[in-house]
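Right, one structure below, let's go through it.
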């Protein structure tokens, strides 16, 4: 374990200050990927169960205060709707369209941030390349080409940061793509659930709401 730690410090030292920035950004991206992965699994599972319930029971209206089901876009939408003002299907559709735009960023979560971090990593690697080559040229300018060891340090820094930025960015961007596809699927299921609600009898919908909320 100690040897691994020493090798890690040696690697970071060889990469220079930019390497630590890459490491920090990579840690942020990985934590967000794990969080969004777990969050997405729960959201998709809950939303699918809710959609199946809506399909099987035409009078069902999920309880907004039900904590076990509260983490679904359909619940967020129902909770944001001011039901006492609802008098027709047109009112429901209008309210849903307004609030759907509000909950869309909540469904996406940190995906935008992950995309930014994924695109930032290669640029940081390029920055490390530039700083490494600047070090090489400084050595040549001050001491000529007779110091291959010092020149090698700059070249090593340039190549190491470039490789690190690309190696980390590739899986981050790929997993972000998978999470984005799942977010789109979640939006589709949410839209389907909304259509089921809008095609219900308004009297039955109001009655279901009164049964749920007293």
Evaluate the Kirkwood expression for the hydrodynamic radius of segment 2-213, namely the inverse of the mean inverse distance over all pairs of different C-alpha atoms, and round to one decimal in Å. 20.8
What does the highest-first list of 17-30, 49-62 look like by mean Cβ count within 10 Å? 17-30, 49-62
Exposure proxy check on 177, 99: fewest-to-most Cβ neighbours within 10 Å is 177, 99
Arranged from highest to lowest average of other beta-carbon atoms within 10 Å per residue, in what order do the peptides 163-169, 191-197, 133-139 appear? 163-169, 191-197, 133-139
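Taken together, the values in this text are just the output of simple stated rules run on the coordinates, not laboratory data. Computed from a predicted structure; not experimentally measured. Don't worry about glycine lacking a Cβ; one is built from the backbone with ideal geometry, like all the others, and counts go over all protein chains shown.
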